[in-house]
Structures are given as structure tokens and as C-alpha cells.
1. Could you list, in sequence order, the residues of region 15-33 that are modelled with pLDDT of 95 or more and either in contact with a strand residue (DSSP E or B) (Cβ under 6 Å, 6 or more places away or on another chain) or surrounded by 15 or more Cβ atoms within 10 Å (Cβ to Cβ) (or both)?
2. Does region 34-54 include one or more residues that are within 9 Å of the chain's Cα centre (by Cα) and at pLDDT 95 or above?
């Protein structure tokens, strides 16, 4: 797996403004990060390991924020 792929997907996810696409983008970035770790068989350079950990933490925050916003959105219910 390309060593820059996870970084590109992560940056794309962080900049994603479409909330509908965000869930898919987060999943793709997480999969790429985890795939990179597997491809390296645990022999991840220290700098990249830190960057991957930071990226996974930020993706977790994005997921939680998206879920919170989905709960807080007003529903369009017809008034009876």
C-alpha cells in the first residue's frame, strides 16, 4: 500500500464539507491508516506512528461530531 495514501485520504476527510460524504470518507481514511500499519507489519517509523495516531484521534472526533450534529438536527415534521 502506498505510504502517502492514508495521508491524502486523511487530509481529504478533514476538509470534507459534505456531511453525507463524511462518514464514507472517515471510514476510507481509517481503513487506509490501518492498512498501512498492517502492510508495515508493525514496523512503523516513529514519526509516522505518531502521525497515524493523531490522525485516528482526529477522525474519531469527526465521527462523534457528525453523530452529535445528526441528533441535534431539527426534524422536518409536518404540523398537524
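1. Passing the criteria: 25, 26, 28, 29, 30, 32, 33.
2. Within region 34-54, not a single residue is within 9 Å of the chain's Cα centre (by Cα) and at pLDDT 95 or above.
Residues are listed down the side, and each one gets a yes or a no for (1) more than 19 Å from residue 13 (Cβ to Cβ); (2) modelled with pLDDT of 95 or more; (3) not in a helix (DSSP H, G or I):
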position: 56; (1), (2), (3): no, yes, no
position: 59; (1), (2), (3): no, yes, no
position: 63; (1), (2), (3): no, no, no
position: 74; (1), (2), (3): yes, no, yes
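The rows are residues; the columns are (1) assigned to a helix (DSSP H, G or I); (2) touching a helix residue (DSSP H, G or I) at 6+ places or on another chain (Cβ under 8 Å); (3) over 17 Å from residue 69 (Cβ atoms).
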position: 11; (1), (2), (3): yes, no, yes
position: 22; (1), (2), (3): yes, yes, no
position: 25; (1), (2), (3): yes, yes, no
position: 32; (1), (2), (3): yes, yes, yes
position: 38; (1), (2), (3): yes, no, yes
position: 44; (1), (2), (3): no, yes, yes
position: 51; (1), (2), (3): yes, yes, yes
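The values are calculated or read from the model by the stated rules, or taken from the named source; none is laboratory data. Because the structure is predicted, anything quoted here is derived from the model rather than measured. FYI the Cβ positions are ideal-geometry reconstructions off the backbone, even for glycines, and counts take in every protein chain you see.
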